[in-house]
1. Can you work out the Karplus-derived ³J(HN,Hα) for every residue in region 184-191? Use 6.51 cos²θ - 1.76 cosθ + 1.60 with θ = phi - 60°, whole Hz, and x for glycine or proline.
2. Let me check against my output: what whole-number percent is the relative contact order of the chain, with C-alpha pairs under 8 Å and at least 6 apart?
3. Using just the helices of the chain, give the 222 nm mean residue ellipticity in deg cm²/dmol: DSSP H runs with n ≥ 4 each add -39,500 (n - 2.57), and the total is spread over all residues, rounded to 500.
4. Which distance in Å, rounded to a whole number, links the C-alpha centroids of region 95-129 and region 258-293?
5. Among Leu117, Leu148, rank each residue by its count of other Cβ atoms within 10 Å, from fewest to most, as a rough exposure measure.
6. On a 32 Å Cα-Cα criterion, which of the cross-link pairs Lys27/Lys109; Lys130/Lys235; Lys146/Lys305; Lys14/Lys270 come out too long?
7. Whole-Hz ³J(HN,Hα) for each residue in region 124-137, computed from phi via Karplus 6.51 cos²θ - 1.76 cosθ + 1.60 with θ = phi - 60°, x for glycine and proline: what do you get?
8. Hey, can you grab everything whose amide H is under 5 Å from the amide H of Ala44? Only 5+ residues off in sequence or another chain; H modelled, so Pro and N-termini drop out.
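What follows is calculated from the coordinates using simple rules that are stated; it is not laboratory data. All figures in this text were calculated on a predicted structure; none of them were measured in a lab. All Cβ positions, glycine included, derive from the backbone under ideal geometry; neighbour counts span all protein chains shown.
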Amino acid sequence: MQLTITSYGAYIHKRGECFEIIINKKKDEISARRVQSILITTGAAISSDALHLAHEHNIDVIFLDKYGNPFSRVWHSKFGSTTYIRRKQLEFSQNRKGLDLAKSWIITKTDNQIKLLEKLKRTRPKKREKLEAYAAAMTRYNEQLKTLDGKSIDAVRDEIFALEAHCAKQYFKALNHIIPALYQFDGRSRQPAEDEFNAFLNYSYGVFYSKTERACILAGLDPYIGFLHTDNYGKKSFVFDIIELFRIYADEAVIRLFAKRKVKTDMIRKIKNGVTLVKTGKQLLINDLNEALNEKIRYRGRNIKKENIIQYECHRLANSFIGRDKEITFKSI
């Protein structure tokens, strides 16, 4: 399970082999054996003994800022495998194989989005025509993306990002078309979000960044050696690359919350130049995300939890870098 702390002033410490969480003098104990990660989203305190217990059980402790972005994590300092994987990752990032991989990530991302629009239109007959038009436009851009060629990513990086941006514009127009009128928005906005939908979406992506980084480290991949996203000081470029394959899970969760009218206006607080989630909004989103990620789906011939697919694909990618897995293509979810 993921232990999520959203209450201001919470205190986490060790009691035996359990984490004891104290919130407003109320105590709750959770066995460390049941916890995969601890997510702290607000002002809270955690003792050094609790951190040591987390270390012993390979539990990472992640701190999120008000936008849902992980700004720090406490974990052991070891990568999940040999340096050879990271050397080959660097090699791939600079050759033709890396270009093919980078293209496949964006193509898969867009395929996932198109499939989601196909699913949405089946329960929205009055909006079917527009959704089909948006999906058709995205398909055309995706076909152009497949034809891009070059000796390395550097030769076509700008074109990949341009076609991805065209697809994204159509995709978010489609999502805006299907959510309740009260929450409709004018395109993507990030930090800060300008509207409720983007606030929820940004926070969900932040949660997924931490999950994707963890999966990369456990697989022996270097979060900083990017393919599409270029190197910069402190920038986890590879995490930004790989998350493209899994954003669809975050999208589905947020769309579901709005479609079922679970989002309330008091879950959002105005801040300078935008809006952000308050505690009730964070709780609603994280609970829904965790429930969705625990769902098992058929994937590559196996019944597997959605959350485990992230780890599964990172291990498969690491194996492809060192020649253990010859197939390095990705399938839509």
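1. Those phi angles translate into 5, 9, 10, x, 6, 9, 10, 10 Hz.
2. After rounding, I find 17 percent.
3. -16500 deg cm²/dmol
4. 25 Å
5. Numbers: Leu117 21, Leu148 16.
If I rank by nearby Cβ atoms, fewest first, I get Leu148, Leu117.
6. Long pairs (Cα-Cα over 32 Å): Lys27/Lys109; Lys130/Lys235; Lys14/Lys270.
7. Those phi angles translate into 9, x, 6, 10, 4, 4, 5, 4, 5, 5, 5, 5, 5, 5 Hz.
8. Gly9
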